[in-house]
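Here's the structure, in structure tokens; my notes come after.
What follows is calculated from the coordinates using simple rules that are stated; it is not laboratory data. The model shown is predicted, which means the values in this text are computed figures rather than measured ones. Backbone-built Cβ (ideal geometry, glycine too); neighbour counts: all protein chains shown.
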Amino acid sequence: MTEKKLIEIKNLQKVYKGRTVLSIPYFAFEEGKSYCLIGANGSGKSTLLRLLAGAINPSEGEIVRHINEKEIVYLPQKPYTFSFSVKKNMHMVFPAAFPLDKKNEITDRLLKEVGIDFLRESKGNRLSGGEAQRLAIARLLALPHKLLLLDEPSSATDIAGNELIEGALKRYCAENGARLIFASHALSQAQRMADEILFFAGGKLCETGRTEDLLHNPQTDELKQFLHFWQG
């Protein structure tokens, strides 16, 4: 049975200063699946995530969202943290009328899940890159959403931090029926977290398919070369 479409991309192009940085004739993200975007730096992954999030507009074509935009949340590769405490950074994501005891309960649980509960009273702008990334993930998971757009969600963390972030994301998706569209340079992360992969090269969507199929049986020369570089 064909899955219901979540987001459709039609004749999409993004041009910067006369250069086409992303071109996708058609692609449909389906409900019930999580997707990983792979490719070299500058291949179009981050541009696509920003387009899907509505942070930038296409130069041509359209993005059709079959989901309420309020159910979509986006995390850039370098998230911003405020100068006050980690705890207050967390509290900022909640609506004003949200009960304080519930804010504290969710904050404590999520900070522990991502492994930075000991930094609760630390200044957000004094965190390391990996700690800031963990805080950003915790903030993202504080409220229910159906689609998470993540740009290299654990690129600044160590192995332990990476495992904690992936675990928190998996629990969140299971509890909320949410799905991921994320960019990653870690092919092992794609295997653990994604049902399908989109491979980009030179701003073009070169190959798509089931994660295991693409990683073990690439069809295009571009993907074969990419995998040889990253796996070699």
Query raised in the report: Full extension from residue 62 to residue 221: what is 0.36 nm times the residue separation minus their Cα-Cα distance, to one decimal in nm?
Result: 54.4 nm
**Report entry** Top of 87, 70, 103 by mean-square fluctuation, Gaussian network on the chain, Cα under 10 Å
**Finding:** 70
Requested in this report: Can you put 21, 15, 86, 114 in order of Cβ neighbours within 10 angstrom, beginning with the fewest?
Outcome: 15, 21, 114, 86
Query raised in the report: Pick from 211, 20, 220: which is most flexible by mean-square fluctuation in a GNM of the chain where alpha carbon atoms under 10 Å apart are linked?
Result: 220
Query raised in the report: Residue by residue, what Karplus-based ³J(HN,Hα) values in Hz, rounded to whole numbers, does the stretch 81-90 have, using 6.51, -1.76 and 1.60 with θ = phi - 60° and x for Gly and Pro?
Result: 10, 8, 6, 7, 5, 4, 4, 5, 4, 5
Requested in this report: Would you list, by chain and number, the aspartates and glutamates whose Cα falls below 12 Å from the Cα of residue 14, excluding same-chain residues fewer than 8 positions away?
Outcome: 60, 62
Report summary line: Counting only residues 5 or more apart in sequence or on a different chain, those whose built amide H sits under 5 Å from that of residue 66 are 7, 8
Report task. Considering only 106, 137, 38, give the residue with the highest GNM mean-square fluctuation for the chain, with springs between Cα atoms whenever their separation is below 10 Å. Result -> 106
**Report entry** Geometric extent, Cα atoms of the chain - Rg, Dmax (angstrom)
**Finding:** 18.1, 55
**Report entry** Rounded if a/c under 1.5, otherwise prolate or oblate - the stretch 168-231, Cα gyration tensor axes
**Finding:** prolate
Query raised in the report: Whole-Hz Karplus ³J(HN,Hα) for the stretch 50-61, in order, using 6.51 cos²θ - 1.76 cosθ + 1.60 and θ = phi - 60°, x for Gly and Pro?
Result: 5, 5, 4, 7, x, 6, 9, 10, x, 6, 8, x
Requested in this report: Search the structure for amide H atoms under 5 Å from the amide H of residue 200, placed 1.01 Å from N in the peptide plane, and list their residues when 5 or more places away or on another chain.
Outcome: 38, 39, 206
Query - Theoretical gain in end-to-end length, residue 212 to residue 17 [0.36 nm per residue, Cα-Cα removed] - result: 66.5 nm
**Report entry** Sequence of 145, 228, 66 once ranked by neighbouring C-beta atoms within 10 Å, starting from the fewest
**Finding:** 228, 66, 145
Query - Neighbour-count ranking [beta-carbon atoms within 10 angstrom, fewest first] of 83, 46 - result: 83, 46
**Report entry** Alpha-carbon spread of the stretch 23-88, three principal axes, descending order, Å
**Finding:** 45, 30, 24
Query raised in the report: Can you run phi through the Karplus equation (6.51, -1.76, 1.60; θ = phi - 60°) for the stretch 28-44 and list ³J(HN,Hα) in whole Hz, with x for Gly and Pro?
Result: 10, 7, 9, 4, x, 10, 10, 10, 10, 9, 10, x, 5, 4, x, 7, x
Requested in this report: Just flag the GluC sites (Glu not before Pro) in the stretch 150-183 sitting in loop per DSSP whose Cβ has no more than 11 other Cβ atoms within 10 Å.
Outcome: none
Query - Built amide H within the under 5 Å cut-off of residue 74, gap 5+ - result: 149
